[in-house]
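Any read-out appearing in this document is the output of simple, stated calculations on the displayed coordinates, not a laboratory observation. Model, not experiment: these values are computed from the prediction.
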Amino acid sequence: MSDRDDLRELASQLRRASSVMRAAEETKLAGGERPRKVAKSDFAPTAKPHLESLRPYSPGKPAAEVERELGLTDVLKLASNENALGMSPLARAALESALEDSSIYPDTHCRQLVDEIARRNGLGPECVMFGNGAVELIYYLAQCFLAAGDEVVTSGTSFSAYTIASRIQDAVVRAAPLDGAGLDLGAMSRLVNEHTKLVFIANPNNPTGTILGVDELEAFARTLPEQVVLVLDEAYYDFVDDPRYRGSVSFVLEGWNVVVLRSLSKSLGLAGLRIGYAMARSDIIRTMRQVQVPFHVNVLAQRAALAGLDDDEHIARTLQLIREGKEYLYAALAAAGLQFTASETNFIWVDTGVDAARLFDEMMRGGVIVRPGTGFGAPRHIRVTIGLPEQNRRFMQVLLASITRVKP
Ligand SMILES: Cc1ncc(COP(=O)(O)O)c(C=O)c1O
């Protein structure tokens, strides 16, 4: 064979090999296998790109994990504003029989609860919706009202779920600074423009514990363009002591573009069961129902909440505990020369005067977990949940010892 024949034979072998490879590839695809790409980072290459830079919610470590990691026992977590008295006894009693029914799906519309909350607030049931914690309803609101590039206004020192839920929808979040320790409605108002779709206000505010009056809120609501839905998050509504605070259901009754959120995690001690609700005009609630996850509020949560709503005694005991806790902690913090913000909630926002991230670590080693202000843009603050009297005393001891250790 000539050289030319050799070359021809080689070329034809190559053609056959490549057609065999192509056929093999096609067979794989037809069989449902996808060609695999090697991921360049630990973020799925075909996911929505804006999700990569998102900072997911950080709940802090559970006490048991800290105990394991640091070889401690009896770690005290005062970082998530749970009810120090635990669950309402009426709610707990209802759980026994609810367990029986937990093999069937829950009522997806939470009808009994919706009717009860509607009745208590003078609303129609079409104006109430329950959620897997108030936080789920925040995510629903973001899903319903925000498209990429829409804008959201909130405070830079407030509940982080507003920002996270909005960023998931690729919305732009504009955050106003505080005015002292309180929310600055003037600054928020200046951030609103024709692209703004949602405004989130926590009232009382987490982490500062401050409140806004209905009159101030109404003046603010009047400045909002028509396309804006104002979300008034009253997760800590039951804890407010100030008699001038009335909550914001009046906005819903009057037909404003307002959603009021409440949580049963704190007041009824149901944080682990997850349940909260929204009250709004019927068109807003109907819109939110369009994105509702089926059966999102479980059987136990629904039954415990229904029973717990009647537990006035548990709420009264909780409020008394918070009042006494505040009295002790305010005096102890003041005696230590520490600044704090008077709170209308079950937590206190404390200016420790030192680096809060280091203080948080040091306190954790001392067996007490608090929430550092760093995540709220406040590098010297911590937020502490008011606990039982002995827990409050332990918090103060560990706080003061830890401050001494981290002081420059
Ligand atoms: C202001 C605020 N809103 C909503 C929530 C969430 O409440 P839930 O436990 O009902 O989801 C919290 C929880 O800490 C909160 O601080």
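Relative to the longest principal axis of the Cα atoms of the chain, helix 111-121 runs at roughly 40 degrees.
Volume per residue for the chain equals 237 cubic angstrom (convex hull of Cα atoms). Across segment 89-309, the convex hull enclosing all Cα atoms gives 114 Å³ per residue.
Using the Karplus relation 6.51 cos²θ - 1.76 cosθ + 1.60 with θ = phi - 60°, the per-residue 3J(HN,Hα) values for segment 216-226 come to 4, 5, 5, 4, 5, 4, 5, 7, 7, x, 4 Hz, with x marking Gly and Pro. The aspartates and glutamates whose alpha-carbon is closer than 13 Å to the alpha-carbon of K61, local same-chain residues fewer than 8 away aside, are E69, D361. Note: relative contact order over the chain, using C-alpha pairs below 8 Å and six or more positions apart, is 20 percent. Working note: Karplus 6.51/-1.76/1.60 with θ = phi - 60° gives segment 353-365 the couplings x, 10, 5, 5, 5, 5, 4, 4, 4, 5, 5, 5, 4 Hz, where Gly and Pro are set to x. Extent of segment 318-408 along its three principal axes (Cα atoms, max minus min coordinate, largest first): 37, 25, 21 Å. With an 8 Å Cα cut-off and a minimum separation of 6 or more residues, compute the relative contact order for segment 330-408 in percent. Reported as a whole number, the value is 31 percent. Nearest 10 degrees is fine. How inclined is helix 134-145 to the longest principal axis of the chain, computing both from alpha carbons? On a 0 to 90 degree scale, this one is about 50.
Take every DSSP beta bridge whose two residues both sit in the chain; close to 50 percent of them are antiparallel.
For the pairs K326/K407; K77/K326; K77/K266, flag any whose C-alpha to C-alpha distance is greater than 20 Å. K326/K407, as the Cα separations exceed 20 Å there. Per-residue 3J(HN,Hα) values for segment 380-394, derived from phi via the Karplus relation 6.51 cos²θ - 1.76 cosθ + 1.60 with θ = phi - 60°, read 10, 8, 10, 10, 10, 6, 6, x, 6, x, 5, 5, 5, 5, 5 Hz in sequence order (x marks Gly and Pro).
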